[in-house]
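A short worksheet on the structure shown next.
The values are calculated or read from the model by the stated rules, or taken from the named source; none is laboratory data. Note that the coordinates shown come from a computational prediction; the quantities given were computed from them, not determined experimentally. We place every Cβ from the backbone using ideal geometry, glycine too, and count neighbours over all the protein chains shown.
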Amino acid sequence: MLGEYRIEGRGAAEIAADVERAVGAGELSPGQLLPPMRELAAQLGVNPNTVAAAYRTLRERGVIETAGRRGSRIRPRPATTGREELRVEVPAGGRDLSTGNPDPELLPRLAPALAAAAEEGDRRPVLYGDDPLDADLVRIARAELAADGVPAAPLTVTSGSLDAVERILLAHLKPGDAVAVEDPGWGSLLDLIPALGLRTVPVGLDDDGPRPDDLRRALESGARALIVTDRAQNPTGASVTATRARALRALLRDHPRTLLVEDDHGHGIVDLPLHALAGVTRHWALVRSVAKAYGPDLRLAVLAGDTVTVDRVRGRQRLGPGWVSLLLQRAVVELWTQGAVDRERVAKAYGGRRDALVDALAERGVAAHGRSGMNVWVPVPDETGAVARLVQSGWAVAPGARFRLASPPGIRLTVSTLTQRDIAPLADAVAAAVRPSPARAYG
């Protein structure tokens, strides 16, 4: 069951900590079955209720999962290791298309913006008790959101999209609550949810976004929250259309207590319009990070939402980091006001690379998806085999297991650094690696 490893501890906290440490150290592997509670209690000489409490803690931390009579086992992707463990080694002289990173050549120079922000900080130092939000950042963000049809709402700033999502979920949900998520979806999010003690409910999607029938089933099954990527969905590139948005809003109106979280990380790198769902439910939030357009190290996202949600996020933030650095906020304002990123040019660059690869694959009889953003998703019959064959051909791609719950196998290719010369040889390699290509569906 656990091989040679023996769980230790006398109290629930000690037992849970021992298992979590062993998972993080690689002494317990994903998928390994844990002893039944009574059996482990007998081994340790403790009350079965103590082991039950330890297992409950491990479930809430996203380390183990329990399937009724089939027992408890280490999660396939436990929170202590993360999906980044599912990485592919780049072959010598090969190309890495697995990272999801933007093209460094399309990112702006940060030195001028940071220098200007630092000079402002020297003239007007930020002190405890100062307003945690830069007035210019709020003004610009509010105007852009309004132009995209997002309802007027309070704003705050977080350290990136995932930080925002975590704070929003913790502001409203309790351990055991279910969250409807896109499947396939963002791997970090799929790790975060069980780490918070929440349950994921997969919602299939197509090029137009989450499928209404799948969302209806999720909401009717008791999902208390829904997380949607409006554009440049990771990993499929899906983008919510006006027609799909109307259908999703209609469903949400029938479930007004659903916590709605929208991720618009594609803002600034896509040329498709935003069709937000915001404002349909009682509690909602829309998050925009600057990472893809301005650089992943700019850990900043703007969060707009209903008053209760934003107040709760701000309040909890005050008890932790306090605020997102005003130096960073002012640097982002500099980048915005100076037009450091030509959004039309960036969107055209990513779109051209993405469309060229999708078209080349179609010519070779391979179905692929990539409506927006910097990734292309290719459904495959044998994920492990396809990844291995591509590595042998000199291309490292992301295995779909990073992004899937119940959806069929696939691979993700990040196109951000591709050149026109790369398209044909890459398409040839993918076609050879994935045949026969499956039907056009994500899950």
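The single condition from (1) of a type in the set (D, E, K, R); (2) at pLDDT 95 or above; (3) over 18 Å from residue 267 (Cα atoms); (4) outside any strand (DSSP E or B) that residue 182 fails is (4).
The set of residues from the range 1-31 being acidic (Asp, Glu) and under 12 Å from residue 44 (Cβ atoms) comprises 8, 14, 18. In summary, helices (runs of 4 or more DSSP H) completely within the range 1-64 and bearing 3 or more residues that are within 32 Å of the chain's Cα centre (by Cα) and within 25 Å of residue 191 (Cβ to Cβ) occur at 12-25, 48-60. Residues in the range 231-245 that are surrounded by 12 or more Cβ atoms within 10 Å (Cβ to Cβ) and either of a type in the set (A, V, I, L, M, F, W, C) or within 22 Å of residue 220 (Cβ to Cβ) (or both): 232, 238, 240, 244, 245. Within the range 185-233, the residues that satisfy the criterion of being in a helix (DSSP H, G or I) and within 23 Å of residue 149 (Cβ to Cβ) are 212, 215. When residue 331 is tested against the conditions (1) touching a helix residue (DSSP H, G or I) at 6+ places or on another chain (Cβ under 8 Å); (2) surrounded by fewer than 20 Cβ atoms within 10 Å (Cβ to Cβ); (3) over 30 Å from residue 281 (Cβ atoms), the lone failure is (2).
Within the range 113-159, track down each residue that is in a helix (DSSP H, G or I) and in contact with a helix residue (DSSP H, G or I) (Cβ under 7 Å, 6 or more places away or on another chain). Within the range 113-159, 113, 114, 116, 117, 118, 120, 121, 136, 137, 140 qualify. The residues of the range 278-296 that are without any contact (Cβ under 8 Å) to a residue 60 or more places away in the chain and surrounded by 24 or more Cβ atoms within 10 Å (Cβ to Cβ), listed by number, are 284, 290.
Do we have residue 238 as under 20 Å from residue 408 (Cβ atoms), hydrophobic (A, V, I, L, M, F, W, C) and assigned to a loop (DSSP other than H, G, I, E, B) here? Full working, then the answer.
Working: under 20 Å from residue 408 (Cβ atoms): yes; hydrophobic (A, V, I, L, M, F, W, C): yes; assigned to a loop (DSSP other than H, G, I, E, B): yes.
In short, yes.
Among the residues of the range 106-127, those that are free of Cβ contacts under 8 Å to residues at least 24 places away in the same chain and either under 25 Å from residue 155 (Cα atoms) or not hydrophobic (A, V, I, L, M, F, W, C) (or both) comprise 119, 122, 123, 124, 125, 127.
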